[in-house]
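A quick write-up on the structure given underneath.
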Amino acid sequence: MKQFHRRSVLSGLLAGSAGLAWPCGGIAADLDAALRVDAGRLRQNIEDFSMFGRKPGGSFADGVSRFAYSDADIAGRKFAMNLLHAAGAEPRIDAAGNILARREGSRPDLKPIMIGSHIDSVPDGGNFDGVLGSMSAIEVLRTLNENRFKLRHPLEIALWSNEEGGLIGSGAAGGVVKPEILGVTLNGIRRIDGVRRIGGDPDHLVAAHLEPNSRAAYVELHIEQSGRLEKTGTAIAIVDGIVAIDEYEVEIIGFANHAGTTPMADRHNALLAAAKLIEAVQEEITREPGWQVGNVGHLEVYPNVRNIVPGRVFHTLELRDLDAAKVKMIGDRIIARSKTIATDTGTEIHIKLVEREPAAISSPALQQKIADAAKSIGLATMHLPSGATHDGTMLTSIAPIGMIFVPSVAGISHSPKELTSWTDCANGANVLLQTVLRLDRD
Ligand SMILES: [Zn+2]
């Protein structure tokens, strides 16, 4: 109630000073501090957005299937562009199908502050992943416009295309997407056809590339997708960065033989070696404190027959942490352990590094702005790494990046059960707004 009252007072004060740029400090800073998004409208927009990709006869609780380039994605994009229009901006679509909108500042010489997220989902996904950040960015724009609040910097809203299917839109903006990956088909749609479907120009993808260091900052609000905020009763996470990922492929060669007649001592059981190796992965990752994680998520056993000793196993191994050196060290330890396991099981173990994704570290200055913004609203914060990749990963060349996380109920995401309370949604949007105001003072 108190907040609403302050906001009304603020709107009244600002309405009388249409179009004026506020000087720094003093009363202007107080007015900045009281500015809040419309939480009810934010909720309404997130609820409305859940219609795009909802199964027939379903409800909000059934989540969405709105994978990139699908009819649901196209309908959702249209809705988002209408919201941008209603917020007072004219959206455009770039060559990668990203939706971009710009609000001019009072100082055209300053680099734009960029905020945004994505509106596509995984198949059978939830209502908040990407949508919260996208709707909040639009809400920030609308709040500024409704209050005739002049920023010094231009403000850009970016709704990145196809985040869930390979960070295609942000990758193109960051200049890191190679045209050949557009030939890949996912969820039944070839990317090159998909980019065309959403109004992009895949033959000239390079046109979507933004100039290096051309933006003052890129800030994204997102759901945490883990249970650390909820467990600690913390409203806001300041994201230290997006983790480095090392991907390995493991091949274990044993000897396929009769499972009834081969004595146990004479077996070369590739699956037994895999089991020991998977346990070693668990031990090496949990050996020291920290947020590091690892996963063996895909496994193939040959010949995969009940009366034959497994002769060959192929499996994946993925290791993640914010500290790339730590990720490499854990990988090296697992490789060292594999040599003993191979000897013990009479097998050969080949572990090959197939991809090394560097971490995307958040700008320390930007982290401080987010911390100050949360503090100004009276919200408790903690620092966390993001174990999931996000569009910001692709944008480090164009701007210092920063991310704000809000709690995910039970740590669930990429599921219809994904949930964030409306209070937490509004808190996140207000921290985003207040972060923008703080960035604008630089
Ligand atoms: Zn997301």
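Within the range 136-147, identify whether any single residue is touching a Ser or Thr at 6+ places or on another chain (Cβ under 8 Å), among the aliphatic types (A, V, I, L, M), within 12 Å of the ligand (Cβ to nearest atom) and in contact (Cβ under 8 Å) with a residue 24 or more places away in the chain, and answer yes or no. The answer is no; no qualifying residue exists. Taking helices (runs of 4 or more DSSP H) as the structural unit, those lying wholly within the range 114-202 and holding at least 1 residues that are over 30 Å from Q434 (Cα atoms) correspond to 191-197.
Taking the stated definitions as given, is I242 under 22 Å from the mean Cα position of the chain (by Cα) and of a type in the set (A, V, I, L, M, F, W, C)? Yes. Return the total of residues in the range 380-405 being over 21 Å from I113 (Cβ atoms) and away from the ligand (no atom under 16 Å from the Cβ). Number satisfying all stated conditions: 3.
State whether the residues of the range 400-419 include one that is in contact with a His (Cβ under 7 Å, 6 or more places away or on another chain), within 22 Å of A158 (Cβ to Cβ) and not in a helix (DSSP H, G or I). There is at least one residue in the range 400-419 that is in contact with a His (Cβ under 7 Å, 6 or more places away or on another chain), within 22 Å of A158 (Cβ to Cβ) and not in a helix (DSSP H, G or I). Tell me, yes or no, whether the range 167-175 has at least one residue that is hydroxyl-bearing (S, T, Y), closer than 24 Å to G105 by Cβ and out of contact with any strand residue (DSSP E or B) (no Cβ under 9 Å at 6 or more places or on another chain). No, the range 167-175 has no match at all. Restricting G294, G378, G311 to those that are at pLDDT 95 or above and surrounded by fewer than 16 Cβ atoms within 10 Å (Cβ to Cβ) reduces the list to G378. Residues in the range 252-291 that are modelled with pLDDT under 95 and touching an Asp or Glu at 6+ places or on another chain (Cβ under 9 Å): G290, W291. I want to confirm something. Restricting to the range 224-239 and keeping residues that are in contact with a Gly (Cβ under 8 Å, 6 or more places away or on another chain) and within 15 Å of the ligand (Cβ to nearest atom), which single residue is farthest from A137 (Cα to Cα)? Looking at residues that are in contact with a Gly (Cβ under 8 Å, 6 or more places away or on another chain) and within 15 Å of the ligand (Cβ to nearest atom), I get S226. When restricted to residues that are closer than 17 Å to I370 by Cα and within 18 Å of the chain's Cα centre (by Cα), the range 214-231 contains 9. Look at the range 170-187: where a residue is within 21 Å of S70 (Cα to Cα) and a partner is at pLDDT below 90 and surrounded by 14 or more Cβ atoms within 10 Å (Cβ to Cβ), sitting 6+ places away or on another chain with Cβ atoms under 7 Å, you get G171/V177. I119 fails exactly one of the following numbered conditions: (1) modelled with pLDDT of 95 or more; (2) farther than 21 Å from V184 by Cα; (3) hydrophobic (A, V, I, L, M, F, W, C). What is the number of that condition? Tallying (1) modelled with pLDDT of 95 or more; (2) farther than 21 Å from V184 by Cα; (3) hydrophobic (A, V, I, L, M, F, W, C), I119 fails exactly one: (2).
Note on the range 81-135: among residues that are charged (D, E, K, R) and either closer than 19 Å to D62 by Cβ or within 20 Å of the chain's Cα centre (by Cα) (or both), the one that is nearest to the ligand (Cβ to nearest atom) is D129.
Cβ-Cβ distances below 6 Å connect the following pairs, each with a first residue in the range 194-211 that is under 22 Å from S397 (Cα atoms), a second residue that is at pLDDT below 95 and surrounded by fewer than 16 Cβ atoms within 10 Å (Cβ to Cβ), and a separation of six or more residues or different chains: L205/P179. Scanning the range 185-223 for residues that are among the hydroxyl-bearing types (S, T, Y) and more than 16 Å from the ligand (Cβ to nearest atom) yields T185, S214. Is it the case that R197 is at pLDDT 95 or above, touching a Pro at 6+ places or on another chain (Cβ under 9 Å), of a type outside the set (S, T, Y) and surrounded by fewer than 20 Cβ atoms within 10 Å (Cβ to Cβ)? When the stated conditions are applied, R197 does not pass them.
Out of the residues in the range 43-61 that are among the small types (G, A, S) and farther than 18 Å from S136 by Cβ, which is surrounded by the fewest Cβ atoms within 10 Å (Cβ to Cβ)? By that ranking, first place goes to G57.
The values are calculated or read from the model by the stated rules, or taken from the named source; none is laboratory data. Computed from a predicted model, the values in this text were never measured in an experiment. Cβ coordinates were reconstructed from backbone atoms using ideal geometry, including for glycine residues, and neighbour counts include every protein chain displayed.
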